[in-house]
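Heads up, the thing below is written out as structure tokens.
Coordinate-derived values only; no laboratory data. Keep in mind that this is a model prediction, so the values were computed, not measured. Note that we place each Cβ from the backbone using ideal geometry, even for glycine, and neighbour counts take in every protein chain shown.
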């Protein structure tokens with residue numbers, strides 16, 4: 001049906017620079033600037049060179065600079081630029097595709113101590129935060145304002161890290177991704193210059209959209225130090241629901257019709273049979289072992305009720321007969337427990353093995369086919385891999401478990417991932433809906449973007465001629 | 001309160017190339033390729049060098065190429081690239097800031113004959129169209145599908161032109177702008193290479209967002225030849241409403257509270273007193289001469305009713321006492337007549353004079369201040385300038401009328417526009433919310449973007465080293 005050839009071949013892009021300067025000189029200069037906020041201990045460097053969640057081989061930076069302000073980041077970058085020193089920006093270290101691995105050594109700029117909420121404009125529904133604020137911290141800060149920030153990638157990620165990887169998550173079907181929810185950003189460019197990508201107007205037609213270019217650029221074009229984000233009123237009412245279907249196809253048909261009907265569902269998540277089984281075991285539940293949708297509805301009291309009824313009718317039409325809804329926070333949490341614990345349940349099912357979470361995204365009309373074929377591929381490969389999907393977006397995750405010490409297992413994983421990416425592209429999708437490229441998916445970029453990759457590379461070269469910004473990510477180095 | 005200095009100074013950017021090749025050689029090569037689809041008649045060239053709606057001095061291209069396909073555009077661009085020939089892409093010619101003026105002569109590529117709807121995917125709520133399809137044509141095509149494309153910039157613009165200028169309009173408060181509603185594009189790059197910016201997945205984290213970079217690039221980075229656009233279900237119910245307020249401030253407070261309350265209003269438009277007066281005269285109405293809001297609500301039968309009631313309560317709170325709503329298409333059109341005819345009413349009020357429509361956009365909390373100060377500035381300048389605003393977005397238009405033959409009037413207009421841009425920036429806004437930069441607002445780019453402008457320019461130089469793509473737009477040449 002589709003060919004892996006072309007998708008997985010190495011891109012012909014070569015690093016245009018990997019001659020870097022003397023790191024000791026840089027460390028000395030940075031120590032003068034930062035004092036004990038520049039750390040060179042092996043433990044801290046190691047902790048910054050990998051990330052617990054990634055399956056990529058860790059590589060430590062030569063030093064970690066804990067930045068306190070935009071101006072300080074600019075100073076650090078200027079020093080690195082002067083000596084052609086690689087820079088890896090670091091938020092919470094929660095990325096999955098090796099974005100923070102210091103492939104060329106150099107300086108890791110840790111932004112996690114920049115945790116100020118700079119300015120809240122409730123009337124404009126926006127807030128400006130420093131890079132290191134996490135989404136949970138932001139929502140705690142907003143608690144008494146009646147407002148919230150909806151993007152929820154699952155991890156306790158920093159907001160700048162989420163922008164850098166164009167993160168999304170369960171709420172994206174209703175509220176969009178980071179692409180849609182950043183008003184402007186303050187960015188330190190590879191020269192050390194500070195750029196603000198725009199004002200706080202809700203829209204603008206004034207020139208190139210630098211914010212959108214930097215969102216998803218994974219630290220390869222600049223370092224995001226502040227962001228202004230869109231906020232939303234906390235809905236008057238939240239309802240949750242769960243129901244199962246006889247087949248993935250029927251679950252997906254229900255999702256498609258729900259979205260076509262304009263039901264403004266806030267979350268609509270799919271767990272496949274294997275994932276439900278894992279959740280039953282891990283969270284001590286007795287869900288029917290069938291493809292299951294987890295939903296959340298936001299709106300007015302009446303509006304939510306109307307949405308639930310519309311969805312229930314649709315679910316009925318596609319043969320679901322166990323629709324359950326809940327309203328109080330406690331009942332909603334109970335109902336959604338399986339979804340909340342899905343990742344850990346998947347890991348628990350294969351204790352003692354290594355785990356790897358990957359994602360692809362396809363048009364929703366191809367979602368069922370892509371999921372079913374992937375399930376079969378998991379079985380045929382002799383791997384273990386439950387599937388969780390942001391069904392409303394056509395985005396799904398496979399959590400592979402495997403024996404890292406087995407060359408056979410590693411080969412199985414590698415070829416499975418290549419086929420998964422090729423399948424997503426054959427279905428007019430993308431090799432990643434929300435995890436990003438990092439190191440892991442650079443090899444799929446040519447297959448996905450064709451000549452477009454050369455223009456991305458030209459932009460990279462133009463803005464970062466010495467290739468100091470997170471070298472080796474997105475593009476092969 | 002704010003300084004015009006800095007905003008209006010000439011940017012220091014100089015053209016990096018304006019040595020172009022021999023146009024006669026290019027015309028000969030294009031004639032061989034296109035036959036009678038290459039036109040060099042003075043009338044056609046003149047028609048393509050200006051645009052009826054722009055106040056910028058027209059300059060004709062040397063020839064107009066009526067392209068029929070992406071591949072043909074690629075061939076044309078390859079020939080132009082070979083001979084370093086300026087290219088100006090042309091859709092419907094409805095842009096306002098001189099985007100299509102052939103400042104350096106060269107070849108105008110007219111895409112208006114590329115009018116195919118390539119593929120409709122109702123299940124995915126997307127449609128792929130060629131560059132020359134207009135939004136009205138698309139909606140006529142979609143009539144029997146229950147779907148529609150919401151972005152409505154007022155003019156009968158082509159969809160590729162709308163993407164190129166990052167257009168929006170009255171529906172943007174609910175449905176976003178072209179930035180938010182393009183899934184992917186096929187673009188002919190300055191080399192003549194054809195790039196597809198992505199698949200049809202609803203989201204992706206795979207590399208730089210070339211689509212968003214090209215949206216709003218005004219033909220300076222490539223030529224959009226096809227677009228895949230997001231569609232929406234036609235709402236079950238549409239309600240319209242109109243109400244007036246004692247002051248701009250009160251009208252704006254009502255708008256802010258409506259949006260904060262999460263009322264998903266589809267359109268919320270402000271007409272100032274002068275505009276209402278113009279509409280009364282032109283459309284033979286007897287609206288109270290007060291700041292007036294025009295609204296539209298989309299949703300289910302109940303949902304719409306609920307929205308209207310929520311809004312009415314808010315309008316009451318801010319002293320409005322003449323709230324009127326309408327449901328049938330005929331009644332809605334009657335109720336909205338003033339808004340629909342606003343532009344022509346504004347022109348009619350100053351018959352015999354020249355007209356110029358400009359726009360700025362500010363955070364909604366600064367909208368009332370920006371509008372009221374602008375009204376005063378119009379009066380103080382001795383100009384005529386009714387104001388219409390997309391109030392939900394903080395975006396407003398001033399329609400200036402003036403005597404083109406009067407140096408005094410022209411100077412008044414020029415300095416008024418400079419102050420308007422400076423005011424928008426002082427209020428953390430942008431010099432244009434939806435009209436774009438073109439020629440007219442290039443001088444404000446440095447004030448708005450600071451060092452960011454240099455990075456935009458670096459991208460332009462990297463992708464178009466010979467400066468052939470719509471030279472002189474966005475950046476000074």
| query | Using alpha carbons only, how many degrees (0 to 90, rounded to 10) separate the axis of helix B:273-283 from the longest principal axis of chain B? | reply | 80
| task | Using a cut-off of under 20 Å, list every residue of segment B:56-99 whose amide N is near the label point 7 Å from the Cα of residue B:42 along the Cα-to-beta-carbon line. | result | B:57-65
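Averaging sequence separations of C-alpha pairs under 8 Å and six or more residues apart, then dividing by the length of chain A, give the relative contact order as a whole percent.
Numbers: 1047 pairs, mean separation 87.9, N = 477.
Relative contact order for chain A comes out at 18 percent.
Could you work out how much longer the chain between residue B:301 and residue B:415 gets when fully extended? Use 0.36 nm per residue separation minus the Cα distance between them, nm to one decimal.
36.1 nm
Under the definition of Cα pairs under 8 Å and six or more residues apart, what whole-number percent is the relative contact order of segment B:117-233? Numbers along the way, then the final one.
Working: 216 pairs, mean separation 38.6, N = 117.
That works out to 33 percent.
Based on the Cβ-Cβ distance from residue A:451 to residue B:113, what FRET efficiency comes out when R0 is 30 Å, to the nearest 0.05? Could you put the intermediate results ahead of the total?
Working: r = 25 Å, r/R0 = 0.84.
Here the calculated transfer efficiency is 0.75.
For residue B:289 and residue B:249 in the same chain, what is the full-extension length gain: residue separation times 0.36 nm, less their Cα-Cα distance, in nm? Mind dumping the intermediate values first?
Numbers: separation 40, 0.36 × 40 = 14.40 nm, distance 1.54 nm.
Length gained between residue B:289 and residue B:249: 12.9 nm.
Which ordering of B:212, A:419, B:143, A:174 is given by a fewest-first count of other beta-carbon atoms within 10 Å?
On the way: B:212 23, A:419 20, B:143 10, A:174 17.
Going from sparsest to densest Cβ surroundings: B:143, A:174, A:419, B:212.
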| task | Starting with the fewest neighbours, write out A:115, B:220, A:54 ranked by other beta-carbon atoms found within 10 Å of each beta-carbon. | result | A:115, A:54, B:220
| request: In nm to one decimal, list the spacings between the residue B:143 label point and its equivalents in the other copies, with label points set 7 Å along Cα to Cβ, shortest first. | output: 5.6
| How many nanometers, to one decimal and shortest first, lie between the label point of residue A:309 and those of its other copies, if labels sit 7 Å from Cα toward Cβ? | 1.4
| request: Please determine, in degrees from 0 to 90 and to the nearest 10, the orientation of helix B:70-82 with respect to the longest principal axis defined by the Cα atoms of chain B, where the helix direction is its Cα long axis. | output: 60
| Summing -39500 (n - 2.57) over the DSSP H runs of n ≥ 4 in chain A and dividing by its residue number, what mean residue ellipticity at 222 nm do you reach, to the nearest 500 deg cm²/dmol? | -10000 deg cm²/dmol
| task | Determine the gain in length on full extension of the stretch residue B:18-residue B:82; use 0.36 nm per residue of separation and subtract their C-alpha separation, reporting nm with one decimal. | result | 21.6 nm
| query | Tilt of helix A:407-426 relative to the longest C-alpha principal axis of chain A, in degrees (0 to 90, nearest 10)? | reply | 80
| message | Give me the one-decimal nm value for the distance between modelled label points at residue A:321 and residue B:344, 7 Å along each residue's Cα-to-Cβ direction. | response | 6.1
| note | One decimal, nm, nearest first: from residue B:25 to the same residue in each other copy, label points 7 Å out along Cα→Cβ, the values are 4.6
